[in-house]
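Here is the structure we will look at, set down as structure tokens.
The values are calculated or read from the model by the stated rules, or taken from the named source; none is laboratory data. Only a predicted model underlies this, so the values are computations on that prediction, with no experimental measurement involved. Quick reminder, even Gly has a Cβ in these numbers, built from the backbone with ideal geometry, and neighbours come from all protein chains shown.
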Amino acid sequence: MIIKIVVAGENQFTRLYQPDADEMLVGVDGGINYIIQMGLTADLGIGDFDSCNIEEVVMACSKVKVFPKEKEKSDLELAILEVKDLHHEKIVIYNGTGGRLDHFIAILNVLIKYSEANIEVVDEHNLMRIISQPTKLVKRDYKYFSLFALEEGTIISLQGFKYPLTNYHLAIHDNLCLSNELVEDGFLEVNNKKILVIESK
């Protein structure tokens with residue numbers, strides 16, 4: 001199952017959404033409005049819904065969980081906590097880029113904190129995820145492939161890239177792996193350290 005989470009950022013969901021046979025659609029706070037616009041039914045609506053018509057939310061969702069506006073976790077993090085233990089292939093977050101930078105940093109924090117849940121953040125030009133294990137990489141419709149270390153002591157090797165590497169110490173704040181390119185299906189080897197991976201068009 002692919003869990004698709006729609007947040008209330010700059011709308012790209014309505015242009016990017018493609019239905020999958022086995023999916024769970026989650027509307028987070030104002031993100032539910034984009035699901036409503038497309039005439040879809042969300043499996044779950046979650047948030048404080050302070051910017052929504054709650055009657056429309058209830059009609060558009062199979063299940064609704066309402067939280068107070070003042071709380072210690074963001075609506076997105078509450079959604080991740082709700083679904084991360086369900087059997088799934090991956091979690092895809094839509095509308096997470098663009099708009100407020102503080103919201104983007106909060107989404108990045110969620111991506112890192114719950115990396116074991118296999119979360120991707122997608123927009124029209126980028127796909128962002130965390131990798132911490134040796135991973136086969138499939139060449140897709142992205143030109144650039146950038147990697148940033150999130151932990152000290154990160155050692156990586158890259159195969160199938162325009163600029164391959166062998167046992168390279170990728171330090172935090174090291175930009176050597178900015179705008180590399182996959183020339184064929186490749187392989188990323190990493191020593192159990194978290195790496196932020198961004199594929200860009």
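Can you find a residue in segment 181-194 that is outside any helix (DSSP H, G or I), under 19 Å from the mean Cα position of the chain (by Cα) and at pLDDT 95 or above?
Yes: one or more hits.
Using the structure shown, decide if ILE155 is of a type in the set (A, V, I, L, M) and closer than 21 Å to ILE5 by Cα. Quick ask: steps written out before the conclusion?
Working: of a type in the set (A, V, I, L, M): yes; closer than 21 Å to ILE5 by Cα: no.
Judged against the criteria, ILE155 is not a match.
Can ARG129 be described as within 8 Å of the chain's Cα centre (by Cα) and among the basic types (Lys, Arg)?
Values: within 8 Å of the chain's Cα centre (by Cα): yes; among the basic types (Lys, Arg): yes.
The answer is yes for ARG129.
Considering only segment 142-157, state which residues are surrounded by fewer than 21 Cβ atoms within 10 Å (Cβ to Cβ), among the hydroxyl-bearing types (Ser, Thr, Tyr) and over 16 Å from SER179 (Cβ atoms).
Residue satisfying the conditions is SER157 alone.
One line per residue, one yes/no per condition, for (1) crowded, with 20+ Cβ neighbours inside 10 Å; (2) without any contact (Cβ under 8 Å) to a residue 60 or more places away in the chain:
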| residue | (1), (2) |
| --- | --- |
| ARG15 | no, no |
| ASP22 | no, yes |
| GLY31 | yes, no |
| MET38 | no, yes |
| THR41 | no, yes |
| GLY47 | yes, yes |
| ASP50 | no, yes |
| ASN53 | no, yes |
| LEU78 | no, yes |
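Restricting attention to segment 87-103, and to residues there that are in contact with a strand residue (DSSP E or B) (Cβ under 9 Å, 6 or more places away or on another chain) and closer than 18 Å to ASP29 by Cα, which single residue is surrounded by the fewest Cβ atoms within 10 Å (Cβ to Cβ)?
Within segment 87-103, the first condition is being in contact with a strand residue (DSSP E or B) (Cβ under 9 Å, 6 or more places away or on another chain), and the residues that meet it are 88-97.
Subset that is closer than 18 Å to ASP29 by Cα: 91-97.
Details: ILE91: 24, VAL92: 22, ILE93: 28, TYR94: 25, ASN95: 26, GLY96: 30, THR97: 20.
If we take residues in segment 87-103 being in contact with a strand residue (DSSP E or B) (Cβ under 9 Å, 6 or more places away or on another chain) and closer than 18 Å to ASP29 by Cα, then THR97 is surrounded by the fewest Cβ atoms within 10 Å (Cβ to Cβ).
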